[in-house]
Amino acid sequence: MIRPATPDDTAVIVGLVRELADYERSLDQVQLTEQQLGAALFGVGPALFCHVAEQDGEVVGMALWFLSFSTWQGTHGIYLEDLYVRPSARGGGHGRALLASLADVAVRRGYSRVEWAVLDWNEPAIGFYRSLGSEPMDEWTVWRLTGKPLRSLAAR
């Protein structure tokens with residue numbers, strides 16, 4: 001079962017984010033708190049959204065996303081920040097169902113795309129995404145400004 005997250009899901013979603021970060025070998029970089037996530041998802045004018053996958057009444061997966069915009073197509077899109085299904089629930093169709101729920105949102109709202117990033121070494125995820133018909137954007141490289149360089153630029 002896929003459904004929009006509720007405030008009662010906040011703690012488990014933070015736990016899933018931590019599990020994903022651990023899988024991606026970067027748990028030490030997670031600073032997210034339940035208070036931050038709750039405010040982002042359920043505060044005034046939220047800009048972050050989440051769908052969760054349930055199995056036997058337990059949340060076993062999530063898709064955290066926000067809106068993007070294509071200036072070329074003149075429409076919004078969905079940027080999938082995190083997709084994660086617990087290892088014990090993998091193979092049950094939860095990942096596919098989570099992505100299908102985002103595709104449904106995009107189609108119903110007239111959005112032109114659903115996009116995400118995947119680590120180059122994550123072959124299981126890459127294979128899964130290819131099986132859905134998605135394509136890598138090989139000519140594009142993600143760039144990030146954070147930490148001290150971000151603060152230095154802002155101070156100019």
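The values are calculated or read from the model by the stated rules, or taken from the named source; none is laboratory data. This is a predicted model, so every value here is computed, not measured. Every residue, glycine as well, gets a Cβ built from its backbone with ideal geometry; the counts of neighbours run over all protein chains shown.
Laid out as a table, the results:
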read-out	value
Pairs where the first residue, in the stretch 9-20, is free of Cβ contacts under 8 Å to residues at least 60 places away in the same chain and the second is assigned to a helix (DSSP H, G or I) and among the acidic types (Asp, Glu), C-beta under 6 Å, 6+ apart	THR10/GLU34; ALA11/GLU34; VAL14/GLU34
Scope the stretch 59-80; condition polar (S, T, N, Q) and touching an Asp or Glu at 6+ places or on another chain (Cβ under 9 Å); matching residues	SER68
Criterion violated by LEU20 - all others in (1) under 26 Å from GLY92 (Cβ atoms); (2) surrounded by fewer than 15 Cβ atoms within 10 Å (Cβ to Cβ) satisfied	(2)
Checking ARG86 against (1) within 23 Å of GLN29 (Cα to Cα); (2) surrounded by fewer than 16 Cβ atoms within 10 Å (Cβ to Cβ); (3) at pLDDT 95 or above, the condition it does not meet	(2)
Residue list for the stretch 30-40, filter: over 16 Å from MET62 (Cα atoms), in contact with a helix residue (DSSP H, G or I) (Cβ under 8 Å, 6 or more places away or on another chain) and either of a type in the set (A, V, I, L, M) or modelled with pLDDT under 95 (or both)	VAL30
Any chance VAL142 is buried (at least 16 other Cβ atoms within 10 Å of the Cβ), of a type in the set (Val, Ile, Thr) and either over 26 Å from VAL12 (Cα atoms) or in contact with an Asp or Glu (Cβ under 8 Å, 6 or more places away or on another chain) (or both)	no
Single residue of VAL118, VAL114 found to be among the β-branched types (Val, Ile, Thr) and either in contact with a strand residue (DSSP E or B) (Cβ under 8 Å, 6 or more places away or on another chain) or farther than 22 Å from VAL14 by Cα (or both)	VAL114
Residue in the stretch 1-22 that is within 28 Å of SER112 (Cα to Cα) and modelled with pLDDT under 95 present	yes
Residue in the stretch 114-121 that is touching a helix residue (DSSP H, G or I) at 6+ places or on another chain (Cβ under 9 Å), surrounded by 13 or more Cβ atoms within 10 Å (Cβ to Cβ) and not aliphatic (A, V, I, L, M) present	yes
Pairs, first under 26 Å from ARG90 (Cα atoms) in the stretch 124-153, second loosely packed, with under 10 Cβ neighbours inside 10 Å, C-beta under 9 Å, six or more apart	ILE126/ASP120; TYR129/GLU135
Residue in the stretch 24-34 that is touching a residue at least 24 places away in the same chain (Cβ under 8 Å) and within 21 Å of TYR79 (Cβ to Cβ) present	yes
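Conditions (1) among the small types (Gly, Ala, Ser); (2) touching a Pro at 6+ places or on another chain (Cβ under 9 Å), marked per residue:
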| residue | (1), (2) |
| --- | --- |
| LEU37 | no, no |
| PHE42 | no, yes |
| GLY45 | yes, no |
| LEU48 | no, no |
| GLU54 | no, no |
| GLY57 | yes, no |
| THR71 | no, no |
| GLY77 | yes, no |
| VAL85 | no, no |
